[in-house]
2 protein chains.
Amino acid sequence: MSVLVTPYAKLEAQFTELHQIEHAQSMLSWDEAVVMPHSSGPARGEALAALAALAHRTLTAPETEYLLDAAEAGCDSLDTWQRANLRAMRRIHTRAVGLSEALVSATQIAAARCQQIWRAARSENDWKVVVEPLGEVLALAREEATALGEVLKLDPYDALLDTYEEGTRAQDVMRLFDDLKAFLPDLIDRVLAQQTAPLSVQGPFSPDDQRMLGEEMMRTLGFDFTRGRLDISHHPFCGGVPDDTRITTRYYDDDFMESLMAVLHETGHALYQQGLPANWRRQPVGNCLGAAMHESQSLFIEMQIARSRAFMVFAAPHIRHHLNGRQGDDAWAPENLYTNTIQVRRDYIRVGADEITYPLHIILRFELERALIADELSVSDIPDAWNEGMTRYLGLSTDGNFADGCMQDVHWFSGLFGYFPTYTLGALMAAQWFTAASKSIPNIEEKVAAGKFGPIVAWLRHAIHERGQLKTARQLLMEATGEPLNPRYFKEHLERRYLG
Amino acid sequence: MSVLVTPYAKLEAQFTELHQIEHAQSMLSWDEAVVMPHSSGPARGEALAALAALAHRTLTAPETEYLLDAAEAGCDSLDTWQRANLRAMRRIHTRAVGLSEALVSATQIAAARCQQIWRAARSENDWKVVVEPLGEVLALAREEATALGEVLKLDPYDALLDTYEEGTRAQDVMRLFDDLKAFLPDLIDRVLAQQTAPLSVQGPFSPDDQRMLGEEMMRTLGFDFTRGRLDISHHPFCGGVPDDTRITTRYYDDDFMESLMAVLHETGHALYQQGLPANWRRQPVGNCLGAAMHESQSLFIEMQIARSRAFMVFAAPHIRHHLNGRQGDDAWAPENLYTNTIQVRRDYIRVGADEITYPLHIILRFELERALIADELSVSDIPDAWNEGMTRYLGLSTDGNFADGCMQDVHWFSGLFGYFPTYTLGALMAAQWFTAASKSIPNIEEKVAAGKFGPIVAWLRHAIHERGQLKTARQLLMEATGEPLNPRYFKEHLERRYLG
């Protein structure tokens, strides 16, 4: 019997190998952030760069192009999942061959250098020293955007945005953001005028107690600890692979809520990752959809579920138990803890901003990075533009305050342009998912208050997680919510929660 | 200006990439043993297998053969290190192309299956169930031995032994082992007749206290914590890479000494790894020499240094301090702790055997595995042969006791034949190194007793660590000790310590 290996089957084998390289990259990155000794960085950096080059070479091997053509010509014999897989392979391949290895490598080196300089300069509020390296990174990002734009027939900025959120264009983002710009500033005024300060909860809270609380919340939400972990890192993140999903947080002695909310946020990411289709783990179609979809899952858990009054009814006794809170102390009451989680404040820093001011931080960055990529703004003009934007949107001057202004985020300094909008797209999407879930799950608030998250997570699994990349984000939204992304649900959610 | 890339330079680039794949393999293996959630094993196994296949393919690319030939033809222009590097590359390449990818893959699959069956069967003392899978593994090991033997012009068993200890042949091992067989049984009788039992030290000892003790000992010996860690795993090991060296131990509430000695043993391995030549980290010549040399470094620290009276003079106050021992209690006195570390006992289990009976465990395994590879012993005859050997060498019957007999070690069940002798070669070598070091370092015992290990580790660095694979093990021994491996130093060491 002769076995015919089809072009499609050969591609699956090749992408399985790529998946295994990604497994290694993902675990080495986790290790770097969580356990690696501090002087081992250079060797780790070299290893990660070599794996990236290896993956790029595997992907751009001359044979791949031929196999993709042949598989697409014979795609009648493929089933729906295979066809979606082939489509995802083509997308990855097109983007890889669109960039020369020289450009990829130059970007990586420039970004690593810039990020290193930035890290030291930020703590000294020294803008001048980052101008040159950031200029180099930006020039390479423009080159990348142009090269990708040519291949994908997109405007340069759209080509970058499309990397993180397939099919989304700057025009779509602008339309949504214009809506928010008209809505949020006034809402913030009204909320600030009427919000009350919570009673403060007395620490110190030991890291071990906080960890046990976090783990209990994760378990209750459905995180599978036989295929995942919770650890500590400088910035919370969700990493690893679907069969080994690792989230992190950090602990503060005097504030358990920030850490707990980070755990719940990352748990949202983790549920998505752990819930991906088991049969397609090693193939592109088995991956998560873009960054906005991922963020919608973390914000669904954090913003729609965990920062709700109902959730605190469930969580308060567990919080008090793990953190040794005094019985009968009003500070530990659900209502006070809830009030604690929904405080609004105009502030300089995006990370840690509340959900009402957060989109304004994003809108500022989106507008500036579009101008940067379009060559309408130069690096040396960033501080003034930042100050002007922050003053306009949040009434805060960052004049001379680079560390808390345009130097606060790692993104640009590490070559990441086009990513920022996905945070807010995710927030809008989360509200839309939650509205749809509330319609389909009876008494959802009571379930949350009782800690019965099973039906809610099952709804997410069915509507999103187990679909992988079978469909686009837009198609999933249409199927589960009946319409494309609509900011209405986010705005209604904010009004209900903060003015209700 | 045109840049000429020489064949040798191309090989360096290719082997750098292999080094980075090994970096990933090494870290993923550490992760698997130390932090990986228990259901993530299959995905990790697949990733590791894919990386191994990738490395094999890189190594056996048609171009490599041509590059090696060309570089060897032009080796006059290379310096000493480069020439040694080229020699190491050729060795790795010859062994890789000597095995078909099909055989490598079949071995990996059979070994993984057999190991899994063995793990469950051992705890149930069930020999019958492992006969078939072990037979399959053995058949593949014979095939590998034959294939490598043809390429290397060696007897099959020698070809395997040469994998772990270049240039060493079964004949050499037999000569050394015959010497030990004539010496050890009588020595054991004499030691047992005169040894005294130590006072027992009262626990429990918390894992945290034990860890802090271990870390202090590591630091004092020169372990670099900015490029390494100490963690917990089921079996102690030394892993990672030179720039990120990770050792492990396990802790028992009632016995701190076993864990401490494991830490010191692995620290010996770690000092070797951390001390490899910094300029050659990414090339074969910058690697450790074989398994015996590695074991000689761990046993130098554990057996020659740490289980000495002088070491306990230094260590006892630190041990008492970290483990909250009672001042003035004789159990915590240096002499009693020393007595504790040198107890001799005829026992079933190799791991944890004292240094006098240990070689007899190894000799038994060496004799059986030679017969297995030579097809003079079949898998079904192993239990009887084991029982016969244990009775002869240690006066212990393992009749019907498979778990504590021929099923105790993972080696054969995971396809490892030809490795066992290196443990005892390492012990002999360690004694020879120590004798030479004692001649060249004035008052070595006083230095040990004062915790001044700097000159001793510097001696190891100079004689061994920083040489990488520049020379063979035999050449290093000749240079530093004036003669090839000689069991005399080991025997003298045992007599001095146990009868002295």
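Read-outs throughout are calculated quantities, based only on the coordinates presented, and are distinct from any laboratory measurement. What you see is a predicted model; the values in this text were computed from it and never measured. Here the Cβ is made from the backbone with ideal geometry for all residues, glycine too, and neighbour counts use every protein chain on show.
The distance linking the stretch B:220-280 with the stretch B:437-500 is 20 Å (Cα centroid to Cα centroid, whole angstrom). Shape class for the stretch B:244-369: oblate, because the ratio a/c of the largest to smallest gyration tensor axis (alpha-carbon atoms, square roots of eigenvalues) is 1.5 or more and b/c is at least a/b. With each label modelled as a point 7 angstrom along the Cα→C-beta vector, the A:Asp79-A:His318 pair spans 3.7 nm. Under 5 Å between amide hydrogens, built in the peptide plane, is the criterion, and for A:Asp409 it picks out nothing among residues at least 5 positions away or on other chains.
Sorted shortest first, the distances from the B:Gly500 label point to those of the same residue in the other copies are 7.9 nm; each point sits 7 Å from Cα along Cα-to-Cβ. Both radii come from the Cα set of the stretch A:169-320: Rg as radius of gyration, Rh as Kirkwood radius; their ratio Rg/Rh reads 1.03. A Förster radius of 30 Å, combined with the Cβ-Cβ distance separating B:Thr226 from A:Arg326, puts the computed FRET efficiency at roughly 0.10. Panel order for B:Leu264, A:Leu476, by other beta carbons found within 10 Å of each beta carbon, from fewest to most: A:Leu476, B:Leu264. Pairs spanning more than 27 Å between alpha-carbon atoms, out of A:Lys10/A:Lys471; A:Lys439/A:Lys491; B:Lys447/B:Lys491; B:Lys439/B:Lys491; B:Lys10/B:Lys471; B:Lys181/B:Lys471: B:Lys181/B:Lys471.
Please work out the C-alpha center-to-center distance from the stretch B:395-409 to the stretch A:107-168 and express it in whole Å. So the separation of the two Cα centres works out to 64 Å. Per the Debye calculation on the stretch A:252-320 with a single equal scatterer at every Cα and no solvent contribution, log₁₀ I(q)/I(0) for q = 0.13, 0.14, 0.27 Å⁻¹ amounts to -0.46, -0.52, -1.16. Could you tell me what percent of the DSSP beta bridges with both partners in the protein assembly as shown are antiparallel, to the nearest 5? If I count the DSSP bridges inside the protein assembly as shown, around 50 percent turn out antiparallel. Electrostatic bookkeeping for B:Ala102 treats Lys and Arg as +1 and Asp and Glu as -1; over the other residues with beta carbon under 12 Å from its beta carbon, the sum is -3. Think of the stretch A:214-328 as a dipole: +1 on every Lys or Arg Cβ, -1 on every Asp or Glu Cβ, centred on the Cα centre; then among A:His318, A:Ala262, A:Tyr272, A:Tyr272 lies furthest on the positive end. Evaluating 6.51 cos²θ - 1.76 cosθ + 1.60 at θ = phi - 60° for every residue in the stretch B:126-136, the Karplus couplings come out as 9, 6, 3, 6, 8, 4, 5, x, 5, x, 5 Hz, glycine and proline recorded as x. Here the contact order of chain A, divided by its residue count and restricted to Cα pairs under 8 Å and six or more residues apart, works out to 19 percent. Rounded to the nearest 20 debye, the dipole magnitude of chain A is 1140 debye, with +1 charges on Lys and Arg beta carbons, -1 on Asp and Glu beta carbons, and the Cα centre as origin. Between B:Leu103 and A:Thr146, the simple spin-label model (points 7 angstrom out along Cα→Cβ) gives 5.4 nm.
The Cα trace of the stretch A:75-197 gives Rg and Dmax of 20.8, 63 Å, the first to one decimal, the second as a whole number. Using only C-alpha atoms and all pairs of different ones, pull out the Kirkwood radius for the stretch B:1-107 in Å with one decimal. Answer for the stretch B:1-107: a Kirkwood hydrodynamic radius of 15.7 Å. Reported to the nearest whole Å, the Cα centre-to-centre distance from the stretch B:320-387 to the stretch B:23-43 is 29.
For the stretch B:388-432, the spread of Cα positions along the three principal axes, ordered from largest to smallest, is 38, 27, 13 Å. Computed over the protein assembly as shown, the percent of Cα pairs more than 46 Å apart is 39. If the segment from B:Leu396 to B:Ala120 were pulled out straight at 0.36 nm per residue, it would be longer than the present Cα-Cα gap by 96.9 nm. Neighbours of A:Glu165, meaning other residues whose beta-carbon lies under 12 angstrom from its beta-carbon, give a summed charge of -3 when Lys and Arg score +1 and Asp and Glu score -1. Relative to the other identical copies, B:His411 shows label-point distances of 5.7 nm, where the label point lies 7 Å from Cα along the Cβ direction and values run shortest first. Every Cα-Cα pair in the stretch B:57-115 was counted, and those over 14 Å apart are 63% of them. Computed extension gain for A:Tyr348 through A:Arg57, at 0.36 nm per residue and net of the alpha carbon distance, reaches 100.5 nm. Put simply, the stretch B:182-245 fits an ellipsoid with semi-axes of 34, 20, 12 Å; these come from the alpha carbon gyration tensor as the roots of five times its eigenvalues, largest first. From its DSSP helices (H runs of at least four residues, each -39,500 (n - 2.57)), chain A gives a residue-normalised ellipticity at 222 nm of -20500 deg cm²/dmol.
Across the alpha-carbon set of the stretch B:325-401, the Rg to Rh ratio works out to 1.22, Rh being the Kirkwood radius. Expressed in Å, the radius of gyration and Dmax of the Cα atoms of the stretch A:80-150 are 16.9, 55. Among residues of chain A, the one whose Cβ lies closest to the rotation axis carrying chain A onto chain B, together with that distance rounded to whole Å, is A:Ala24, 2.
Derived scalar couplings between HN and Hα for the stretch B:331-346 equal 4, 8, 5, x, 5, 6, 5, 4, 4, 4, 7, 10, 6, 10, 7, 6 Hz in order, rounded to whole Hz, by the Karplus curve 6.51 cos²θ - 1.76 cosθ + 1.60 (θ = phi - 60°), x for Gly and Pro.
Taking only the Cα atoms of the stretch B:217-303, the radius of gyration and Dmax are 12.9, 44 Å. Each other residue within a Cβ distance under 11 Å of B:Leu18 adds +1 if Lys or Arg and -1 if Asp or Glu, for a net charge of -1. Once Rg and the Kirkwood radius are both taken over the C-alpha atoms of chain B, their ratio Rg/Rh works out to 0.96.
Where the alpha-carbon atoms of the stretch A:139-240 are placed on the principal axes, they occupy 55, 46, 28 Å, in descending order.
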